[in-house]
Amino acid sequence: MRPSIGCQYLGDNRSIFCVWEPKASTLELHIVVPRERIIPLHNSGNGYFAAVVDDTPPGTLYAYRLNGATERPDPASKSQPRGVHGPSEVIDHSFGWEDSCWFGLPLRDYIIYELHVGTFTPEGTFDGIIPYLSELKDLGITALELMPVAQFPGSRNWGYDGVHPFAPQDSYGGVMGLKRLVNACHKQGLAVILDVVYNHLGPEGNYLSEFGPYFTERYRTPWGPALNFDGAESDQVRRYFIENALYWITEFHFDGLRLDAVHAILDHAPFTFLEELGEAVHEQAKKLNRQVFLFPESAANESRLIRSRDLGGYGLDAQWNDDFHHALRAVLTGENSGYYQDYGEFRQLVKAYREGFVYSGEYSRFRRHRHGTSTKDIPAERFVIFSQNHDQVGNRMLGERLTQLASFEDLKLAAGAVLLAPFIPLLFMGEEYGEEAPFQYFISHGDPDLVAAVRNGRREEFAAFGWQTEPPDPQDEATFLRAKLNHQLKRDGRFRMLWEFYRELIRLRKECSPLARLSKEHCQVTGFEAERVLLLLRGSGAEATLTIFNFNAAQVPLTLPFPRGRWRKMLDSTDERWHGIGSMLPATFDAGDSVTLAFQPKSVAVFAGESIFHDH
């Protein structure tokens, strides 16, 4: 049986090296440090070359020499201490894990916090995150999601330009730093998700095509040739990326993988790469006795991704739902440029709460064709929703967060709209206290022509939104430094108040059983389009909550269909406690078939059956 690709340290200063290079007539291992040597690799068939090599202790630097000439780093390198172009490093993966009693969390309990390692702390490292974990736990977060950490050029990047998928970024802290972070998260009871990129590799330091037919000219992506998941010799390409997924969940104990832009994984095989990936990951999760989930991101509104295999789906676990974000943002702010031109009608937001996708076959003006498939029958816990994320902030020309685009009341309303919905919520780092630092695209490429191409590409992308001014330079270190969070903000004033408001919303979500239950069947959605008010009735009888979102900029008196019984106010975003203008809602009332209430502008309120109030 073939060993796993890459280098595995066997102990006793011995390592096994394995690489797939079907085009090579000869392949040699160049040991650079500690003692320079050239070692021929044995062709074990099907394009795989391997050797067991003595005197290769951890820290050994090596490269592969193709056909006696070109030298390249290991395409499955576990560490690149000298950057994407330098030699690879032998790693001893031994680590003192302290999470033997950690089995993961059920999907319904996920409250996700997305962060970028380089900008979350001043240090910009894995270890730098650890001191903040207890605070995130106190906020109510249950899962950390890391933007991609695979080795990229230089020290500044979002992570989507990674070219060594198995190597954690050296400037973040490498293999051991990442393991320390995951271990610390599990000790706090936090799950950890890693964002992985299986639709392309970055443009600088990408040597995969020199090792084998990893790419195909049959398809194109926005980043160049597509990865070869369905052509000749695609079995080995699939193996490379599936091994990568299993590496993260097995060697690093990750609880889930976010699959970037799967609509750009072009694959017409009868059994697709995504299906094979899902099957392999879920099978490995059973062996590990842990709950592990796959979270695809797709712009295609393709419901098959999250349908069960029994119903002809791919069997992935929960999908990022951009439709919900766009519908919420357009109603909240009135934005209508770029893809937001497809949104803004209040009924679309109502549909997002009822079904998941807004576009389920309707014509899209932005795309100029019918778009999406129905998600009426797909469980609520299979959708990840958000009012902000790295894309929706960072792909604005100035990287403005919602803090810069909306009022304080809007921020509270948006928080409630996400955290009180029957879906899996995701927060983008800093939104919980109204962080003001912009999050713009940044790079640190070494090729001047590539830097110029990236600058021009950003200008063209922003033109679709009608933004005509000159965008910030992604190569300028100042663009990166401006994105660093200012954690001191959350200590005082309205920043602290917003943090407390988020914490209260999460507490209600966890402790009120109707809010904790992620179910479309037990969530009655009612929209009042003229008034721009939306109601969510969750549960039934005394075990019920009614959440009211007023998106109107004016005060709204409204007669609502409250179920009979005694109701108590659990939360009102306009209370003075939350720096609001003052609530007009009663603390308690007895409802018949309906009740008339007055709602302050841009507000969210939650009422619960009295038994829920007494229970909690």
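The values are calculated or read from the model by the stated rules, or taken from the named source; none is laboratory data. Since the model is a prediction, treat every value here as computed from it, not as a measurement. With ideal geometry, Cβ positions are generated from the backbone for all residues, glycine too; neighbour counts draw on all protein chains shown. SASA here: full protein model, heavy atoms, side chains in, ligands and nucleic acids out. Shrake-Rupley method; radii C 1.70, N 1.55, O 1.52, S 1.80 Å.
Ranking Gly124, Ser134, Ile112 by how far each Cα lies toward the positive end of the dipole of the range 86-141 (charges on Cβ) leaves Ile112 at the top. Accessible area per residue, 1.4 Å probe, Å², for the range 552-606: what's the number? Result: 45 Å² per residue. Using R0 = 45 Å, the C-beta based FRET efficiency linking Ser407 and Phe103 works out to 0.55.
Which one, (i) 84, 53, 49; (ii) 101, 52, 41; (iii) 76, 68, 48, gives Cα extents along the principal axes in Å as derived from the coordinates shown? Answer label, from the structure shown: (i).
In this calculation the C-beta distance from Thr596 to Gln284 is compared with R0 = 41 Å, giving a FRET efficiency of 0.15.
With just the Cα atoms defining each centre, how far is the range 58-79 from the range 517-538? Give it in Å. A separation of 57 Å, based on Cα centres.
For the chain, carbon and sulfur atoms together expose 48% of the accessible surface, with a 1.4 angstrom probe and every protein chain in place.
In this simple spin-label model, placing a label point 7 Å from the Cα along the Cα-to-Cβ direction at both Ala463 and Asp55 gives a separation of 5.9 nm. Spin-label pair Asp447-Ala554: with each label point 7 Å from Cα along the Cα-Cβ axis, the two points sit 5.8 nm from one another. Extending 7 Å from the Cα toward the beta-carbon at both Asp476 and Ile38 defines two label points whose distance is 4.8 nm.
Take the Kirkwood radius over Cα pairs of the range 391-437, plug it into Stokes-Einstein at 37 °C and 0.692 mPa s, and you get 289 µm²/s for translational diffusion. Note on the chain: dipole from Cβ charges, positive end direction compared against His42, Pro557, Tyr160; the farthest Cα belongs to Pro557.
Toward the positive end of the charge dipole of the range 152-288, with +1 on the Cβ of Lys and Arg and -1 on the Cβ of Asp and Glu, the farthest Cα among Tyr172, Phe271, Ile242 is that of Tyr172. When peptides 314-323, 406-415 are sorted by average Cβ neighbour count within 10 Å, with the highest value leading, the order is 314-323, 406-415.
Here Ser4 and Ala300 are evaluated by their C-beta separation; at R0 = 30 Å the FRET efficiency comes out at 0.40.
What value does the range 300-392 have for Rg/Rh, both radii from Cα atoms and Rh as Kirkwood defines it? Result: Rg/Rh = 0.97. The magnitude of the dipole of the range 1-102, with charges of +1 and -1 set on the Cβ of Lys/Arg and Asp/Glu and taken from the Cα centre, is near 380 debye. In the context of the full set of protein chains, residues of the range 205-336 present 35 Å² of accessible surface per residue (probe radius 1.4 Å, heavy atoms only).
Against the chain, whose longest principal axis comes from its Cα atoms, helix 448-463 is set at around 20 degrees. Taking Cα centre as origin and charging only the Cβ of basic (Lys, Arg, +1) and acidic (Asp, Glu, -1) residues, the dipole magnitude of the range 179-230 rounds to 360 debye.
Could the peptides 186-193, 228-235 be put in order, highest first, of the mean number of other beta-carbon atoms found within 10 Å of their residues?
Ranking, from highest mean packing down: 186-193, 228-235.
Solvent-accessible surface of the range 364-498, taken per residue with a 1.4 Å probe and all protein chains present: 39 Å². Sorting 267-278, 200-211, 585-596 by average packing, meaning the other beta carbons within 10 Å per residue, from highest down gives 200-211, 267-278, 585-596. Calculated mean residue ellipticity at 222 nm for the chain: -7500 deg cm²/dmol, from DSSP H runs with n ≥ 4 weighted as -39500 (n - 2.57), summed, divided by the residue count and rounded to 500. Length gained on full extension, Ala269 to Thr26: 84.3 nm, using 0.36 nm per residue less the C-alpha separation. Counted residue by residue at 0.36 nm each, then reduced by the alpha carbon distance between them, the extension gain from Asp377 to Glu233 reaches 48.1 nm. In the chain, the longest principal axis of the Cα atoms and the axis of helix 408-419 are about 70 degrees apart. Is the shape of the range 83-130 rounded, prolate or oblate, going by the alpha carbon gyration tensor and its root eigenvalues a ≥ b ≥ c, with a/c under 1.5 for rounded and a/b larger than b/c for prolate? Oblate shape, in that a/c is at least 1.5 and b/c is the bigger or equal ratio. Placing +1 on the Cβ of every Lys and Arg and -1 on the Cβ of every Asp and Glu, with nothing else charged, gives the range 468-616 a dipole about its Cα centre of roughly 360 debye.
With a sphere of radius 13 Å drawn around the Cβ of Asn456, what net charge do the other residues whose Cβ falls strictly inside it have (Lys, Arg +1; Asp, Glu -1)?
-2
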